[in-house]
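Report on the following structure.
The values are calculated or read from the model by the stated rules, or taken from the named source; none is laboratory data. Every value quoted in this text rests on a predicted model; they were computed, and no experiment measured them. Ideal geometry is used to build each Cβ from the backbone, glycine not excepted, and the neighbour counts take in all protein chains shown.
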Amino acid sequence: MHIITYLIKTLVLSSEQRSDVAEMAGAPPFLDDSAVEALLPWRPLVDAVERSLADYSRRDGSVQQPVRSSFFLPPGSGWFGSMSAFSKSADIIATKLVTSFPENVNLPKIQSTILVHSPADGSLLALMSGECITARRTAAASVAATRHLAARSSVLAILGSGVQARSHAEAFLEASDGVKEVRLWGRNRAATGELVESLSQQYPAVRFVHSESAQLCVAGADVINTTTASPEPILFDSWLPDKGVHINAVGGKVPHKTELEPALLQRAAVYTDSREGAASEVGPVRVPVHAEVGELVSGSAAADKDKISVFLSFGMAVEDAVAARLVWSGYQSSGDH
Ligand SMILES: NC(=O)C1=CN([C@@H]2O[C@H](COP(=O)(O)OP(=O)(O)OC[C@H]3O[C@@H](n4cnc5c(N)ncnc54)[C@H](O)[C@@H]3O)[C@@H](O)[C@H]2O)C=CC1
Ligand SMILES: O=C(O)C1=NCCCC1
């Protein structure tokens, strides 16, 4: 449904008037999260995000993406970010307006809307709810990084039990081969139990473990995904071996990466999505970046196999753009307009 149409229909008009407005032509459609979810299959998304990382890292103009602008809202509990990118290969411009309100109870803590523009003539093509895209493209970036950095993905550990925890479990199970066991630990025991139960029903062939502690969860895991909003470290250096583990560090206190103990970051080989993004948001612990994941994808840099690897995922607008392209193309060919 068109967003202007929707707003007018639901807020102002009588039922007869509503059907007249529904016929109004030319307004860009608004795709809500259930529409987006139905048009965003995992494997094409992971492939598209992986390619977007490589396109970005080439710095050849095929991706235009300024560092996102953001600000905190007084009294400091909220954050607003504006992130735009053009992707030549996806032939799209996308702008995501995103907020983080960690104290929200009845609303998602991360909320967003995406505006999709045509690079051919600048017209506004569509508006999309950004929550599903954010959940999925972030997990897709972790799967893409894991493809290039992990020796194995047989045992997966996920710290956290929220939106990103679920999307990471789904992304690995849908788009990564060889996952046999998924362990989950979350500070909120009840929410973690519910997530384990729900995933067990969704993927009956996979072994899910509700871990008693974060340390037990990560012991012996091949891939660790940290997906909490914790402002303090939840993953510690002494818990992990010298090498043979890959970590996707996704969460933290927005916008900084705060989930990993500094000693762990300092001894790991650190990778990121964007050096510029990392430089503006990494927080107080400064570590050298070995490579961007996109450089690994394109082969212009090689992974350091002698160390634990950490992918510091800050989130990039070009990931939203290629996800929005999949949704938009699916919508156009669905006949649902
Ligand atoms: N890198 C990226 O591109 C993106 C990163 N994020 C970040 O990922 C994190 C998770 O986001 P969502 O899953 O959407 O949020 P959510 O609110 O659905 O889940 C947050 C999880 O963190 C846990 N948590 C909160 N405080 C904690 C603490 N002090 N110690 C341990 N666990 C704690 C909660 O129990 C919950 O399991 C956030 O930090 C968010 O900013 C979100 C979207 C994109
Ligand atoms: O890239 C994103 O989208 C986000 N990144 C940091 C936290 C909020 C959402």
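For region 189-207, taking the residues that are touching a residue at least 12 places away in the same chain (Cβ under 8 Å) and more than 22 Å from the chain's Cα centre (by Cα), the one that is surrounded by the most Cβ atoms within 10 Å (Cβ to Cβ) is identified as Val206. Among the residues of region 283-301, are any at pLDDT below 95 and within 15 Å of ligand 1 (Cβ to nearest atom)? There is at least one residue in region 283-301 that is at pLDDT below 95 and within 15 Å of ligand 1 (Cβ to nearest atom).
Let me confirm something: among Ser142, Ser112, Ser129, which residue is crowded, with 22+ Cβ neighbours inside 10 Å, within 15 Å of ligand 2 (Cβ to nearest atom) and among the hydroxyl-bearing types (Ser, Thr, Tyr)? Just one listed residue meets the conditions, Ser142. Please verify whether Ser280 is within 16 Å of ligand 2 (Cβ to nearest atom) and surrounded by 13 or more Cβ atoms within 10 Å (Cβ to Cβ), treating the condition exactly as stated. So Ser280 fits the description; yes. Checked against (1) assigned by the TED database to the domain that holds Phe86; (2) within 15 Å of ligand 2 (Cβ to nearest atom), Arg325 passes all but condition (2). Restrict the check to region 247-254 and report whether at least one residue is touching a Ser or Thr at 6+ places or on another chain (Cβ under 8 Å), in a helix (DSSP H, G or I) and either outside the structural domain of Ala54 (by the TED database) or surrounded by fewer than 21 Cβ atoms within 10 Å (Cβ to Cβ) (or both). No, the conditions are met nowhere in region 247-254. Of the residues making up region 290-335, those that are of a type in the set (A, V, I, L, M, F, W, C) and surrounded by fewer than 16 Cβ atoms within 10 Å (Cβ to Cβ) number 1. Among the residues making up region 72-94, a single one is surrounded by fewer than 20 Cβ atoms within 10 Å (Cβ to Cβ), in a strand (DSSP E or B) and among the hydroxyl-bearing types (Ser, Thr, Tyr): Ser82. Check whether at least one residue in region 308-318 is within 16 Å of ligand 1 (Cβ to nearest atom), hydrophobic (A, V, I, L, M, F, W, C), under 30 Å from Phe30 (Cα atoms) and touching a Phe, Trp or Tyr at 6+ places or on another chain (Cβ under 7 Å), and report yes or no. Yes: region 308-318 contains one or more residues that are within 16 Å of ligand 1 (Cβ to nearest atom), hydrophobic (A, V, I, L, M, F, W, C), under 30 Å from Phe30 (Cα atoms) and touching a Phe, Trp or Tyr at 6+ places or on another chain (Cβ under 7 Å). Screening Glu232 on (1) within 15 Å of ligand 1 (Cβ to nearest atom); (2) touching a residue at least 40 places away in the same chain (Cβ under 8 Å); (3) not aliphatic (A, V, I, L, M) shows it passes everything except condition (2).
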